[in-house]
Every structure is written in C-alpha cells, then in structure tokens.
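The values are calculated or read from the model by the stated rules, or taken from the named source; none is laboratory data. Since the structure is predicted, the reported quantities are computational estimates derived from the model, not experimental observations. Note that we place each Cβ from the backbone using ideal geometry, even for glycine, and neighbour counts take in every protein chain shown.
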Amino acid sequence: MESTGYITAAVQFGFILGTLVFAILAIADRYSPRLVFLSCALLASLANSMLLVSPESLDYLLILRFITGFFLAGIYPVGMKIAAGWYQHGLGRALGYLVGALVIGTAFPHLLRGLNIGLPWQQILISVSILAASGGVLMAKFVPDGPFTAGMSQFNPAALWQAFRLPSFRASAFGYFGHMWELYSWWAFLPLWLVAYQQSTNTDINISMWCFLIIAAGMLGSVIGGIFSQKSGSAYVAMLQLGISGICCLLSPVFFNFDVPVIFLFLLVWGITVVGDSPQFSTLNAQNAPPAYIGSALTIVNSIGFLITIFSIQLLNSFWFAIGPQWVFLLLLPGPVFGLLSMRHFWKKTAKKTATPN
C-alpha cells in the first residue's frame with residue numbers, strides 16, 4: 001500500500017524535473033516538436049520495459065519510474081505545442097481531443113488486466129511499452145509540424161513574477177493547481193478504494209475493468225467539454241466540471257455504502273469531470289500568459305501543478321489507514337474549492353457570456 005504512493009510520486013517528480021530541463025534547454029523550440037515527441041516516446045518506452053529485467057528492489061523501481069516520468073515531459077507538453085501548431089483558433093476543442101486521447105492511454109493498462117485473459121504482468125508491461133513507442137512513430141510519420149508552429153519564448157525566471165501579476169493568468173493557473181490537487185491522487189487510489197468498497201459491501205466486481213471504464217470516461221469530459229467551450233468559453237466549462245468533481249469528493253463517503261449500479265454511475269460522473277476541465281485550464285493558461293514569455297509561464301504552471309500532485313498523493317498515502325478508505329477522498333476536496341475560488345476573476349465574464357442570447 002505504502003509503495004503505491006511512492007511509485008506514483010516518482011513518475012510525477014520525474015515529469016516535473018523533465019519539464020524544467022526541456023524548458024531551460026528549449027528542446028521543443030530548437031528542434032521539431034514531433035521528433036522530440038518520437039524520441040521521448042521511445043526512451044520512455046525503453047525505461048518502462050527495463051522493469052522486466054530490474055532486480056527486486058523498490059529503489060531500482062523508483063529510479064525507472066522517475067526516468068519514465070522525465071521523458072513523459074516530451075509527450076504531454078510537446079503534444080500541446082503540436083496541437084497549437086495546427087489550430088490558430090479553437091484550441092480548447094483541440095486540446096480536448098488531445099487530453100481525451102491521453103486519458104484513454106492512462107486507462108488502457110486497466111483494460112488489459114480487466115479482460116482477465118490470463119496475461120502475466122510482464123506481457124501487459126510489454127504491450128503498453130510497444131503501444132507507447134508505436135504512438136511516437138505514428139506521430140513522427142503522419143503528423144508534420146503545423147502551419148502555425150512557432151518557437152515559444154525560452155525559459156526566463158522573471159516570467160514567474162511577470163505572469164502571476166496578470167489577474168487572468170493568476171486565476172487560471174491557480175484554478176489549474178486546484179484541479180491537479182485532485183486528479184492524479186484520485187486516479188492513483190481509485191483501484192484501492194474499489195477494493196475497500198468490495199470488501200466492505202461483500203460485492204464481486206471486476207475492479208480493473210471498472211477502473212478502465214471510469215478513467216476512460218474522462219475522454220467524454222475532455223472531448224465534449226472542448227466542443228462546448230467553443231460556445232460557452234473555456235472558463236465556464238472548466239469551472240462547471242471542477243465544481244461537479246468537487247461535489248463528488250464531498251459525497252464520496254455517502255456513496256461508499258451504496259449498491260453497485262449507483263456507485264458505478266457516481267464514479268462514472270466523477271471520472272468524466274475530474275479530468276474534463278484539464279484541457280480548458282491549459283487553454284486558459286495559454287490564452288492569458290504574457291505573449292513574450294508564454295513558454296516559460298506555461299512550463300512553470302505545468303511544473304508546479306505536477307509538484308502539487310506529489311503532496312496530495314502522499315497525503316492520501318499517509319491517511320489511508322488513519323481515517324479509512326471511506327473518508328479519504330474528502331482530503332481532495334480543498335483542491336476543487338481552492339480552484340473555484342481562484343477563478344473568481346472569470347465569474348462575471350462567464351455569467352455575461354452564458355446569459356447572452358444567440
């Protein structure tokens with residue numbers, strides 16, 4: 001149980017360091033983003049595959065997970081830049097599709113296990129690594145650099161102060177931080193929460209398949225949210241989904257004892273909204289960052305966001321037995337509350353936009 005938090009945190013810490021290194025060296029600006037994507041996909045796949053030959057040591061496992069996280073820094077942020085290179089307008093919708101695809105990738109290992117076809121963990125690991133490498137190859141071969149691809153600003157420490165002086169950027173960044181407090185901790189502990197639910201209610205459920213369906217449902221939140229953002233705006237979509245996921249945090253102890261169909265629908269709604277706000281927060285951060293320092297500003301926000309996940313993961317890890325699985329997700333509630341309060345800057349603008357008749 002304790003190692004779950006450490007392993008997840010190792011990936012997050014690797015990603016944090018990776019984003020900073022990639023920004024300082026301006027890797028995605030000096031080289032083709034799709035080639036950076038390819039290289040990092042191959043290297044992350046290799047690090048993941050090395051688990052097959054690693055000694056039975058938690059330290060060695062943590063090192064490999066850290067390396068994997070480091071090279072993931074060349075996947076998600078670079079993928080956003082590739083998308084921005086193709087969409088001068090409608091970035092919220094484009095990032096909705098991008099995050100939706102990433103969510104499916106996150107859920108896919110649970111599907112392999114949930115199919116219960118008797119595959120050992122080694123074969124599942126190999127399958128996931130091959131798919132990761134294949135994604136990089138497909139990106140490099142079939143997705144050229146877009147017509148709007150442009151080098152972003154190189155890393156500038158002064159951008160931190162200059163960016164957060166802007167009310168709009170500060171609001172969207174802090175909203176993103178609240179979202180990140182909840183997201184990865186919930187994903188990491190969902191399987192353990194379902195195990196506890198199964199034991200408490202004496203039910204028989206396919207936990208891996210449930211995890212796949214619930215996490216993969218986030219694709220709907222990302223894609224549909226991206227489509228609605230074209231009419232209602234990214235701020236409205238982000239706040240709506242963050243609010244719903246916050247309500248799910250609050251109600252999680254109550255639903256812990258409900259029957260299987262009810263708890264499944266509850267978790268499905270949570271899975272849709274817990275990540276559906278992510279692409280819209282990224283869109284808001286891109287739109288409100290200082291134009292001269294957009295690369296540095298976005299990198300800082302991304303890094304801080306993933307740093308926050310380490311603390312929330314370790315918090316749940318520490319209190320899992322102290323307060324019990326039924327109550328532990330209440331510790332995630334401060335994230336959505338903080339995020340919504342931080343988005344006050346957008347409240348009036350959003351109300352005016354949604355109230356305007358077509």
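Every listed requirement among (1) at positive phi; (2) at pLDDT 80 or above is met by G90 save one, (2).
Against the conditions (1) surrounded by 22 or more Cβ atoms within 10 Å (Cβ to Cβ); (2) of a type outside the set (D, E); (3) not in a helix (DSSP H, G or I), G69 satisfies every one except (3). Considering the range 226-241, and only residues there that are polar (S, T, N, Q) and in contact (Cβ under 8 Å) with a residue 60 or more places away in the chain, the residue that is surrounded by the fewest Cβ atoms within 10 Å (Cβ to Cβ) turns out to be Q230. Residue count for the range 111-122 under the criterion of being at pLDDT 80 or above and either exposed (fewer than 12 other Cβ atoms within 10 Å of the Cβ) or closer than 11 Å to L52 by Cβ (or both): the result is 0. Residues in the range 82-102 that are touching a Leu at 6+ places or on another chain (Cβ under 9 Å) and part of a helix (DSSP H, G or I): I82, A83, A84, G92, G100. All told, Q314 falls short of being more than 26 Å from R113 (Cβ to Cβ), at pLDDT below 90 and more than 16 Å from the chain's Cα centre (by Cα). The listed residues are I244, I214, and the only one of them that is touching a helix residue (DSSP H, G or I) at 6+ places or on another chain (Cβ under 6 Å), buried (at least 21 other Cβ atoms within 10 Å of the Cβ) and either over 20 Å from A94 (Cα atoms) or at pLDDT below 95 (or both) turns out to be I214.
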